[in-house]
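First up is the structure itself, then whatever we jot down about it.
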Amino acid sequence: VLGAIPQDLKFIGEKTTVEIGDNTTIRECVTINRGTQDKWKTVIGSNCLLMAYAHVAHDCILGDNVILANSVQLAGHVEVGEYAIIGGMAGAPQFSRIGAHTYVAGHTVINKDVPPFIKAGRTPISYAGVNSVGMQRRGFSSETINQVLEVYRNIYNKGLNTSQALDFVEQQLPACDERDLIVSFVRESKRGIIKVFNKADLDES
């Protein structure tokens, strides 16, 4: 069902749309709701694959070459960067952000923002390393992948808080588009980014 009325009680019949790019495949029983007054549209990029029973709610923005596996559920206002892959039955609440070139494991609850170029999974959702295989497949050089690895070593493995890590990355690591994309994504996060897995968090839950 494409372009259905948003499942949002604030919707009052305003004229909104769904925009779908070229060469995007939408399989059986997928639902994509049109936008609300927030963005006035829901956008699916080009060359995407939305597998069976996936749901994309109102005002979501999906970049090009995104893959949603079976039964992925995206609530309203979710943003997904280009080349992101989200595994089957994963779900993202409203206003979640999933960065470009990420891989999110199936059945994951995406309740924190997922920065670009990484893998994420577990419960609670946690950083699982850089998506180096995905980056290689998309033509990133070994030098660029190593630069991304170094950025995330400072964010996740050096014992720094997020602000300290970002300051260090900007001041000490060589500038490149990938570094700047990561830094801007993390700085703009309103709900916070995912953390490294901590067994204590699992025990408490």
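Each residue in the range 81-96 was checked for being in contact with a Lys or Arg (Cβ under 8 Å, 6 or more places away or on another chain), within 14 Å of Ile193 (Cα to Cα) and crowded, with 20+ Cβ neighbours inside 10 Å, and 1 of them qualify. Among the residues of the range 52-70, write down those that are surrounded by fewer than 19 Cβ atoms within 10 Å (Cβ to Cβ) and either in contact with a strand residue (DSSP E or B) (Cβ under 9 Å, 6 or more places away or on another chain) or aromatic (Phe, Trp, Tyr) (or both). Answer for the range 52-70, where residues must be surrounded by fewer than 19 Cβ atoms within 10 Å (Cβ to Cβ) and either in contact with a strand residue (DSSP E or B) (Cβ under 9 Å, 6 or more places away or on another chain) or aromatic (Phe, Trp, Tyr) (or both): just Tyr53. Would you check if there is a residue in the range 67-80 being among the acidic types (Asp, Glu) and over 11 Å from the mean Cα position of the chain (by Cα)? The answer is no, given that none of the residues of the range 67-80 is among the acidic types (Asp, Glu) and over 11 Å from the mean Cα position of the chain (by Cα).
Only one entry in Gln171, Gln147, Gln164, Gln136 is in contact with a Lys or Arg (Cβ under 7 Å, 6 or more places away or on another chain), at pLDDT 95 or above and in a helix (DSSP H, G or I), namely Gln147.
Assess whether Ser142 counts as being of a type in the set (Ser, Thr, Tyr) and either closer than 25 Å to Val80 by Cβ or in contact with a strand residue (DSSP E or B) (Cβ under 8 Å, 6 or more places away or on another chain) (or both). Can you show your working first?
Numbers: of a type in the set (Ser, Thr, Tyr): yes; either closer than 25 Å to Val80 by Cβ or in contact with a strand residue (DSSP E or B) (Cβ under 8 Å, 6 or more places away or on another chain) (or both): no.
For Ser142, the condition - of a type in the set (Ser, Thr, Tyr) and either closer than 25 Å to Val80 by Cβ or in contact with a strand residue (DSSP E or B) (Cβ under 8 Å, 6 or more places away or on another chain) (or both) - is not met.
For first residues located in the range 16-29 and on the phi > 0 side of the Ramachandran plot, partners that are among the hydrophobic types (A, V, I, L, M, F, W, C) and loosely packed, with under 13 Cβ neighbours inside 10 Å and lie 6+ apart or on another chain with Cβ distances below 9 Å form the pairs Cys29/Val1.
Anything in the range 135-156 that is hydroxyl-bearing (Ser, Thr, Tyr) and loosely packed, with under 13 Cβ neighbours inside 10 Å? List them, or say none.
Listed by number, the residues that qualify are Ser141, Ser142.
The C-beta contact set for the range 137-159 (first residue over 17 Å from Ser184 (Cα atoms), second residue among the aromatic types (Phe, Trp, Tyr), distance under 8 angstrom, 6+ apart or interchain) comprises Arg138/Tyr83; Lys158/Phe168. If only residues of the range 35-51 that are closer than 11 Å to Glu19 by Cβ and β-branched (Val, Ile, Thr) are counted, the one that is surrounded by the most Cβ atoms within 10 Å (Cβ to Cβ) is Thr42.
Across the range 157-196, what is the total count of residues that are surrounded by fewer than 19 Cβ atoms within 10 Å (Cβ to Cβ) and closer than 24 Å to Pro93 by Cβ? Matching residues across the range 157-196 total 10. The lone criterion from (1) out of contact with any His (no Cβ under 9 Å at 6 or more places or on another chain); (2) part of a loop (DSSP other than H, G, I, E, B); (3) touching a residue at least 60 places away in the same chain (Cβ under 8 Å); (4) crowded, with 18+ Cβ neighbours inside 10 Å left unmet by Pro124 is number (4).
Among Arg187, Arg137, which is basic (Lys, Arg) and farther than 20 Å from Ile85 by Cα?
Numbers: Arg137 fails: farther than 20 Å from Ile85 by Cα.
That would be Arg187, the only listed residue that is basic (Lys, Arg) and farther than 20 Å from Ile85 by Cα.
The values are calculated or read from the model by the stated rules, or taken from the named source; none is laboratory data. What you see is a predicted model, and the numbers here were worked out from it, not measured in a lab. Cβ: placed from backbone, ideal geometry, glycine included. Neighbour counts: every protein chain shown.
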